Every structure is written in C-alpha cells, then in structure tokens.
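K.L.:
Before I ask anything, let me first share the structure, which is written out below as structure tokens.
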Amino acid sequence: MSSIIQLLPDHVANQIAAGEVVQRPASVVKELLENAVDADATDIKLIIKDAGKSLVQVIDNGKGMSVTDARLCFERHATSKIRQAEDLFSLCTKGFRGEALASIAAIAHMEMKTKQDQEELGTHIIIEGSKFVSQEVAVLPKGTSFAVKNLFFNIPARRNFLKSDTVEFRHVMDEFQRVALAHPNIHFTFYHNGSEMYNLPAAGYRQRVVGIFSGKTNEKLVPVNEDTEIINVQGFVCKPEFAKKNRGEQFFFVNDRFIKSGYLHHAVIAAYDGLLKDGSQPSYFLYLQVPPNTIDINIHPTKTEIKFDDEQALYAILRASIKHSLGQFNVAPVLDFDRDANLDTPYHYKDLEAETPTIQVDGTFNPFTDDKTNQHYTKSGSSGSGSSSGSSFSSGSNSYSGYSKRVEPTTSWESLYVGLDTESIESSPFNFENEEVTSSLFNDDEVETASQKTYQIHKKYIVSPIKSGMVIVDQQRAHQRVLYEQFLLNMTVNQASSQQLLFPLNLFYSSDEMTLIEELKPSLETTGFVFEDAQTDHIVISGIPVNITESEVSLVIEQLLSDLQDGIPASSYSQNDTIAKSMAKSLAVKTGSYLTEKEQDNLVNGLFACKDPNISPFQKPTFITMRVEDIDKKFAI
Ligand code: ADP
Ligand code: MG
C-alpha cells in the first residue's frame, strides 16, 4: 500500500495554530500589545473598530524591525526572544513562541509598517491569509504599526462564532486593562470607533489602577508590600467594605504578566478571613515578582496559566502579607455588617451644612404687664409641652395662636424635618420587631381576636389557612415573582413612574461597566430610572423607580452588571426579562427578614394576583399546599 502521510503546507499549519492563539479580536489585541511592550515601547496606541472585528491596530514607538526581520516575523516559530530551550527559564519578555504574527497573518488581512531608530527608511508589508501581497520601502516614524483587518475572513465558521460587539468589546477591554495594569510605566491610549476610551500617561501602580477603574477606586485600596527571598509582592487589595458581588476586578501579575490562578486567589480570600459578607468578592491588584527559573510559563498557549515551583510557600506568604496589610490599615475594627440602615443619616442630610441655630426675641413681650393673653400663654405653655408628645407635630402651634410673633416651640421640631416630606414622617412605620413577635406568638387573645390570616415562620415562610388546608409561601421567591411581573409590566407597557431625587446620585463605575450601563439605559429608563447627561466614569441618577429606595440603587445596578457579565441579550424582550429578573432578585425581601402582618398579607395577595404565581422568575416553586387530609394522616399514626 502506498504511503499517505504528508507534511502540511505552512499556510495550513498556520491556520491550525491560529485556532489556538487567535480565538477572537481580543486575542489579536493581546498579542500585538505584548509585542509592542517587548519592543521596549514607551508609548502604545490601540485603535479598534467594531469591537475589533473590522480593525485592530497597535502603534508603538519601540525598537522597530530591520528589513529582513520585517519579512521573517510572519514565519512560524520565528522569534527574537529565545534561542534555545534553556532560555525558557530565564524569560523576561511576554512572547517567546514566535507564532502570534504567523497565526494572525493566516486568518486576516494584515498591514505592517516598521522602522528602526537608526535607519532612514522603514518597511511596509501587506500580507493576506499568509500570502505576501506587497513589500515596499517607506518613510515612517520610529517604531511599528500593525493593522489587522477582517479577522477570520477566510474561516466563515469562526467569524460566525464571534459574539455580539458588546461581548467582544468587553474581551478586548479585559486584555487592554491587563496589559496596561502590568505596565504602568508605558503611556497607553485606546480608541474604539473613533472615541477615546483611555488615555493613561506613564505613572505608578496606584495611579494606573485609578486611571483604569475611576477616581473612586483610590480610597478603596490598601497597599500590600512584602519582600522575601522567593517572592516580592506589591500592589493593592480593596478594603472589605468595598467588596463587590461580581468578581470583576481581580488581577494577579507574575513578572509583569497577567495570570489566572485559582490557588493564589484562594490565598487572597483566605486573608480576608471573616471580613467579607457572604459571597462578596474583594478587588485586588497584586504584582508578584519571582525568579524566572522558578516558574514555567509554557504550559498554556495563551500563557495565562503558569506553574510555580513552590506554590505552597507563595500561598502562605501572600495570605500573610495581605492579612498584615488589612490589619495595619486598621480596616477590621470599623466593620459593622449588622449596622441598621435606619439609623443612618438620611441621604439628604449627608452633604448639607449644619445650620447655625437662630434666636428670635419678641421685643414687645413684658412679663409684668398683667393682661389676659399673658395668662393664657403660661397655661397653654405647659399644656403645649405635653401635646408635643402627642400624635401631631403641629398641634402645639395652635395653642399659641394668640402670640403670632412669639417663638413657638414647635418650629424647632419641624425644622428637623425640613427636606423630608411630611407624608413619610406621618406614615413611617416604627417597627419594634421583637415585641411584635413575642406578643403575636404567645398572646392567645390577640391571635384569636385579630382576623389574622397569615403567619410568618422562621422568617422564611408565610403560612395561611385555605379552604382545603393550608398554603405555605416562600417569602423571598414570592416577592421575586411579584416584583418581576411589576417590572416587566412597566417596561413593556412603558408606564413606570419615577420618584425625583432631591439630590441626584453619583455612582462611579469602571469604563467597561459604563459601556454596559450606557447600553442598558433605555431599558432602565422604562423601569423608572432617570439619568442625567453621560459622564465618562460615573452616572448621575436624578429619578428612581417608585418601588425602590435610594439606598438600594447601587445594589440593584451592581447586581445587574454582575448578571450581565456575559453580555446583554440581543432581543429587547430578553433584555427586559433579564433586567426585570435581576432587579427582582436584588429587591425581593430575603429569607431572614421579619414581615409585619400587613406585609405578609400584601405579599400573599400580590402573589396570587400574579399571572404566573406558581413559580419564581428563576423557575423555583413559590408555594406549596397541604390538605387537611394529609395533616390528618400524619396524626393518625
Ligand atoms: P514572539 O512574540 O513570540 O516572539 P511573534 O510572532 O509575536 O512572536 O513576533 C515575532 C517577532 O517579531 C518577535 O520576536 C519580534 O522580534 C518581532 N516583532 C513583533 N512585533 C514587534 C514590534 N511591535 N516591534 C518590534 N519587533 C516586533
Ligand atoms: Mg509575540
């Protein structure tokens, strides 16, 4: 039988290799940025169009390439960074495999311009699907520019596999951030579809982190510094009170390379030991330097996973140094997760200056004149002080009506509430939870006489008798269902009303979160949010839906960002659905919350008024029923 094995032609081999290295536009961004860093550039510009699908361009002012190198760099296994296998263990460059450019050139239209500093002229090469189209001598500035167009033009299946622009853009953003964070000493700029996303001047680590994740980040950072023989740790962890729901901002850099490591992540979390609320995640930006011969970078094609010689020791050092930093900055004692939000200064007052109290004197008042009105004053004065503890705050003022000029004791009372609407004062429920619980549990009279139809058990379920037996409602799931339908109705019928805020809320987000929020704005507005003009690093909210409170706003948006991490659904129906679900999840009463009788009643009625009361928006049962016969059976044993 004749032999059948053949060596694959280079362009086929390159296309296959590209499958590993280039998965999406973000992979091209990563490879090109890393090449620019390796070329010792001090200024790197990233320009992309349509989330990188139509163009990824990286321009650097690095050392450039000679004419021969310019041609050779597109060959597979062509690299200037290592010469022999041993060099793999003394690496200080990002690249070394010599396959990125060959892979990208195999699956895109590529244009390269490069010039070395000492040369008069540079080289301009066009290569498409591994084929050289042209090579010219050109007048160029020092450095290199790569433009990659029409990614996967010759592999339609891969092109179709790409996600929406939003998702691809987020991936690009991630790669950009990783490289920019690892190299704060380099000036980076980033443009998407003509608008500037970042302009990050050369700086230190702290400034770079703040430059990328908005000015508010600064106050959240606790520095970490530890120098031992096997590792140097620098960087920042965030104060526990700023931990987030999503895992967004967690970065490890090992020898200036972004890496992922579940094991080291665990070390960081372990250092927070007891300081984090359930499930919340601290941000961290940690820069580890280790001797290059103690790690192996060549275990993964994209080089984001590496192998350490002595992982256990690193774990212990990392954990101890972060623990120490958190302790040193004295962040532990100020934590109080059980703080009662009701005791906080109302939002309106936070930024108001305290007013100087004023004294008014009644010049006409003479204690020695013996007239009737004066007697009246003394009498009603004593009764007035009694009435101030009565039900109405304004009752006192009537008793002094004869003395219109006199200072009325009530005015000082009322001034305390300026800015709060009177309705909320009068109807504000003062809940004395414990008292109510005990009385309703043990005072038989009350239970009998009150026409109570619902009972809360274990701050989790609401039990109510029904004709055939009883129904047990899961309070959290039921409320999720009620809110979900409310939001969905508002969004689709567009009738949501909003409450105007006295002082607009400023909420700060990183720029990729801002992009996401920008896209969600139209849908959020239909729920009742009112946004003011767009800013680069924060949103200004001047109105919120009626069924949420100011203090819940940031929670709702954070939950939304975390739920939409994998992209916003394309159709507007599923977008509304996702938002309604997410908001219902964050706003629903949780298991463990005490509900008043009225609240229980409202919830049960609300649930059974729903279109689909049987299941929560997350497809879990909201209630179960138990028939009297079933209960009888249990007693029959
Ligand atoms: P690697 O980075 O693994 O060496 P690449 O395919 O990414 O492989 O690049 C091949 C070679 O091309 C590099 O080793 C380097 O010599 C050269 N090169 C690539 N990009 C640049 C650049 N921006 N400036 C100067 N030289 C570059
Ligand atoms: Mg490279």
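K.L.:
How would you rank 16-29, 117-130, highest first, on the average number of other Cβ atoms within 10 Å across their residues?
P.N.:
Details: 16-29: 21.2, 117-130: 17.3.
The densest-packed peptide leads the list: 16-29, 117-130.
K.L.:
May I ask you to order 91-104, 61-74, 169-182, 593-606 by the average number of other C-beta atoms within 10 Å around their residues, highest value first?
P.N.:
169-182, 91-104, 61-74, 593-606
K.L.:
Quick check for you: with a 1.4 Å probe and neighbouring chains kept, what is the accessible area per residue of segment 457-625, in Å²?
P.N.:
With all protein chains present, segment 457-625 gives 46 Å² per residue.
K.L.:
Within segment 582-620, which residues have the backbone N less than 18 Å from the label spot 7 Å out from residue 467 along Cα→beta-carbon, could you tell me?
P.N.:
Under 18 Å, as judged by backbone N against the label point of residue 467, lie 605, 608-609 of segment 582-620.
K.L.:
Rg (Å, one decimal) plus Dmax (Å, integer) for the alpha carbons of segment 205-328?
P.N.:
Every Cα atom of segment 205-328 included, Rg and Dmax give 14.0, 40 Å.
K.L.:
Separate question: Report the net charge of residues surrounding residue 39, where surrounding means a beta-carbon distance below 9 angstrom and charges are Lys +1, Arg +1, Asp -1, Glu -1.
P.N.:
After counting each charged neighbour, the total is -2.
K.L.:
May I ask you to give the average projected area over all directions of the convex hull of the Cα atoms of segment 10-200, in nm² rounded to one decimal?
P.N.:
10.6 nm²
K.L.:
Right, next: Taking the simple approach of a point 7 Å from Cα along Cα-to-Cβ for both residue 536 and residue 506, what is their distance in nm?
P.N.:
Spacing of the two 7 Å Cα→Cβ label points: 1.5 nm.
K.L.:
Ignoring ligands, DNA and RNA, please state the percent of accessible area on segment 481-578 from carbon and sulfur, probe 1.4 Å.
P.N.:
On the way: 2110 of 4250 Å².
Answer for segment 481-578 is 50 percent, counting heavy atoms of protein chains only.
K.L.:
Separate question: Tally up the carbon and sulfur contribution to the accessible surface of segment 10-200 as a whole percent, 1.4 Å probe, everything protein left in place. It would help to have the intermediate numbers written out before the result.
P.N.:
Values: 4190 of 8320 Å².
The nonpolar share, carbon plus sulfur, comes to 50 percent.
K.L.:
Also, quick follow-up: Need one number: nm distance between label points at residue 328 and residue 625, each 7 Å from Cα along Cα→Cβ, rounded to one decimal.
P.N.:
For the pair residue 328/residue 625, the computed spacing is 6.5 nm.
K.L.:
Additional query: Can you compute the FRET efficiency between residue 299 and residue 244 using 1/(1 + (r/R0)^6), with r the Cβ-Cβ distance and R0 = 45 Å? Round to the nearest 0.05.
P.N.:
In this case the efficiency is close to 0.90.
K.L.:
While we're here: May I ask you to derive the FRET efficiency for residue 191 and residue 270 from their Cβ-Cβ distance with R0 = 51 Å, giving the value to the nearest 0.05?
P.N.:
0.80
K.L.:
Just the accessible area per residue of segment 205-328, please: how many Å² with a 1.4 Å probe?
P.N.:
Accessible surface, normalised per residue, equals 44 Å².
K.L.:
Another question, then. Residue-wise, which Karplus ³J(HN,Hα) couplings in Hz belong to segment 472-482, taking 6.51 cos²θ - 1.76 cosθ + 1.60, θ = phi - 60°, and x for glycine or proline?
P.N.:
10, 9, 7, 4, 5, 5, 4, 5, 4, 4, 4
K.L.:
May I pose another question? Rank by packing, highest mean first: peptides 5-12, 300-307, 265-272, 45-52, with packing defined as the count of other Cβ atoms within 10 Å averaged across residues.
P.N.:
Per-residue Cβ counts within 10 Å, averaged per peptide and sorted highest first, yield 45-52, 265-272, 300-307, 5-12.
The values are calculated or read from the model by the stated rules, or taken from the named source; none is laboratory data. Keep in mind that what you see is a predicted model, and the values were worked out from it rather than measured. Cβ atoms come from the backbone with ideal geometry, glycine included; neighbour counts cover every protein chain shown. Side chains are part of the model used for accessible areas, which takes the heavy atoms of the whole protein and leaves out ligands, DNA and RNA. Shrake-Rupley method; radii C 1.70, N 1.55, O 1.52, S 1.80 Å.
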